[in-house]
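The values are calculated or read from the model by the stated rules, or taken from the named source; none is laboratory data. Note that the structure is a prediction, hence the values are computed from the model and not measured. Because the Cβ atoms are built from the backbone with ideal geometry, glycine has one as well, and the counts that use them run over all protein chains shown. These accessible areas exclude ligands, DNA and RNA; they are computed on the full protein's heavy atoms, side chains included. Shrake-Rupley method; radii C 1.70, N 1.55, O 1.52, S 1.80 Å.
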Amino acid sequence: MTMSRPAAVIVLAAGEGTRMKSRTTPKVLHELGGRSLVGHVLAAARDLRPERLVVVVGHGRDKVVEHLAQIAPDAVAVTQEQQNGTGHAVRIVLEAVGALTGTVVVTNGDHPLLRGETLAELVRTHETEGNAVTVLSTEIPDPTGYGRIVRGPGGEVAGIVEHKDAGPDERAIREINVGMYVFDGKLLADALGRVTTDNASGEEYLTDVVGILREDGHRAGAYKAADWIETQGVNDRVQLAQARRQLNDRVLEAHMRAGVTIVDPLSTWVDVQVTLEPDVVIEPGTQLHGATHVSAGARIGPNCTLTDTSVGEDAVVVNAVCVSAEIGPEVSVGPFAYLRPGTRLARKAKIGTYVETKNAVVGEGTKVPHLTYVGDAEIGEGSNIGAACVFVNYDGVTKSRSVVGDHVKVGSDNMIVAPVTIGDGAYTAAGSVITNDVPPGAMAVARARQRNVEGWVERRRAGTPSAEAAQRAREQDGQDSE
């Protein structure tokens, strides 16, 4: 049976999450794998292609709404002013958006490991069995504290019994209620109107809707998720770390099965939106974040952090930090390089040890081997930038750009003071401060003439080891000349 598009997916994300012990960050905005908790849930929900995506917000709603505008501008945020239970949250959604005809999915904003495939199977089960409500369930090793799914002879859900109310036989049941549901929208609206607050917490619960629908003679079913780990929510920082580890393991396994070599999965972290082509090698201690893409045959690591960076085929990046950079094919980066936003490296370029680049274009085959800062610059192909050079791009008020042509040899310890252009094939002498344009093919020498003041150390630093060494050398020179 083909699954229909749900009329809506409702994501419950209003809770305070006091166990997270966070003063500034709402619970559902804590991050793992490159997304917020609620971001992962929304990604899974999108796999269902719902007609409406609704997020119930409450605690820290301004920050949550701002976040939703960035990651899911099509989502409708509905505010639950007082958190009076899951049933209350869904009821105010229906009051805000109107009647929902068809399938309505209710999920939680703090379940980042839930897969879209699992939600799809939940909906498919609901529609195939013709249920009024279908509960997501799973079996866990220790069901203590969870509501138990009690099934009838035909596999229907006869009831959900909370742990505190369960007898010995019911406590022996390992199938638990995850707290996510699929409803017939029309029946849901009617049942919510009959949910009471006659309980210890004085709140409206969705579990009561299941009982009401059963009493009305409707069928209640359950889909049991095979992987209990993906059904676990995040309630504190310990569970957040556990979920981060589990998500990362899932991501790495998928990449390895697709042909990526990950030398040490325990020390490698890859966000969910990162893309890796076959035959990529990821060495230990590497983190890949955001929209990073690594092409076939490239080798990253050890000890690299790449964020929103593209890496071309057969490139090698070692001990480097790269942010919003474009690394071309067969490029060599590192060790100990820092590529900042706007860096674009053409084929076979080299960025070496202790080199920092920012808003810099480096041409094909050009080398910046060591101890250099290249900021706001464009360097042509086949050029070489000597050691300890600085592209001086900022005068304290404005930033200016330098241009270095093709096959230029910039001497060591040069200051390239922008704005300046060094023409094709030009050379600059070591120790120069280049403040004026250099014509193509010229040699630029911009340094003071050396002057030696004989005997200065012995006169001005008498009695020091340096003076004594100089005196010995002069005496030796005199003996050698006799």
For this session: Go through (1) over 38 Å from the mean Cα position of the chain (by Cα); (2) at pLDDT 95 or above; (3) of a type in the set (S, T, N, Q) and name the single condition Gln239 misses.
Result: (1)
Exercise. Is it the case that some residue within the range 434-453 is polar (S, T, N, Q), open to solvent by 10 Å² or more (accessible area, probe 1.4 Å) and under 26 Å from Leu339 (Cβ atoms)?
Worked result: no
Problem set entry | Output for the range 228-247, where each listed residue is touching a residue at least 12 places away in the same chain (Cβ under 8 Å) and of a type in the set (D, E, K, R) | Glu230, Asp236, Arg237, Arg244
Exercise. Looking at the range 471-482, is at least one residue on the phi < 0 side of the Ramachandran plot and in contact with a helix residue (DSSP H, G or I) (Cβ under 9 Å, 6 or more places away or on another chain)?
Worked result: yes
Problem set entry | Test result for Lys348, outside any strand (DSSP E or B), open to solvent by 10 Å² or more (accessible area, probe 1.4 Å) and not hydrophobic (A, V, I, L, M, F, W, C) | yes
For this session: Considering only the range 44-73, state which residues are within 18 Å of Gly33 (Cα to Cα) and either in contact with a Lys or Arg (Cβ under 7 Å, 6 or more places away or on another chain) or among the polar types (S, T, N, Q) (or both).
Result: Ala44, Gln70
Exercise. Which residues, counting only those in the range 165-185, are in contact with a Pro (Cβ under 9 Å, 6 or more places away or on another chain), among the β-branched types (Val, Ile, Thr) and more than 13 Å from Arg151 (Cα to Cα)?
Worked result: Val182
Seminar exercise, completed: Inside the range 88-99, the number of residues satisfying the requirement of being closer than 18 Å to Asp184 by Cβ and either crowded, with 23+ Cβ neighbours inside 10 Å or of a type in the set (Lys, Arg) (or both) is 3
Exercise. Do we find a residue being without any contact (Cβ under 8 Å) to a residue 12 or more places away in the chain and closer than 17 Å to Val41 by Cα anywhere in the range 207-223?
Worked result: no
Problem set entry | Selection within the range 274-290 - more than 13 Å from Val317 (Cα to Cα), touching a strand residue (DSSP E or B) at 6+ places or on another chain (Cβ under 8 Å) and open to solvent by 40 Å² or more (accessible area, probe 1.4 Å) | Thr275, Glu277, Asp279, His289
Exercise. Name the residues in the range 1-38 that are in contact with a helix residue (DSSP H, G or I) (Cβ under 8 Å, 6 or more places away or on another chain) and more than 18 Å from Arg237 (Cβ to Cβ), would you?
Worked result: Met1, Met3, Ser4, Pro6, Ala7, Ala8, Val9, Ile10, Val11, Leu12, Ala13, Ala14
Problem set entry | Qualifying residue in the range 29-41 (condition: under 13 Å from Ile10 (Cβ atoms) and within 17 Å of the chain's Cα centre (by Cα)) | yes
For this session: Say whether the condition of being acidic (Asp, Glu) and farther than 25 Å from Phe183 by Cβ is met by at least one residue in the range 70-86.
Result: no
Problem set entry | For Ala291: the one exception among (1) closer than 24 Å to Gly342 by Cβ; (2) among the hydrophobic types (A, V, I, L, M, F, W, C); (3) not in a loop (DSSP other than H, G, I, E, B) | (3)
Problem set entry | In the range 255-270, the residues that are under 21 Å from Ala241 (Cβ atoms) and either among the polar types (S, T, N, Q) or open to solvent by 20 Å² or more (accessible area, probe 1.4 Å) (or both) | Asp264, Pro265, Leu266, Ser267, Thr268, Trp269
For this session: Take the range 120-135 and flag every residue that is in contact with a Ser or Thr (Cβ under 7 Å, 6 or more places away or on another chain), β-branched (Val, Ile, Thr) and open to solvent by 20 Å² or more (accessible area, probe 1.4 Å).
Result: Thr125
Exercise. Taking Ala200, is it surrounded by fewer than 19 Cβ atoms within 10 Å (Cβ to Cβ) and either touching a helix residue (DSSP H, G or I) at 6+ places or on another chain (Cβ under 8 Å) or farther than 23 Å from Gly147 by Cβ (or both)?
Worked result: no
Exercise. Name the residues in the range 17-40 that are under 15 Å from Gln70 (Cα atoms), aliphatic (A, V, I, L, M) and open to solvent by less than 20 Å² (accessible area, probe 1.4 Å), would you?
Worked result: Val28, Leu37, Val38
For this session: Could you pull out the residue among Asp142, Asp169 that is part of a helix (DSSP H, G or I) and of a type outside the set (S, T, N, Q)?
Result: Asp169
Seminar exercise, completed: Val316: passes all of (1) open to solvent by 40 Å² or more (accessible area, probe 1.4 Å); (2) over 23 Å from Pro284 (Cβ atoms); (3) under 24 Å from the mean Cα position of the chain (by Cα); (4) of a type in the set (A, V, I, L, M, F, W, C) but (2)
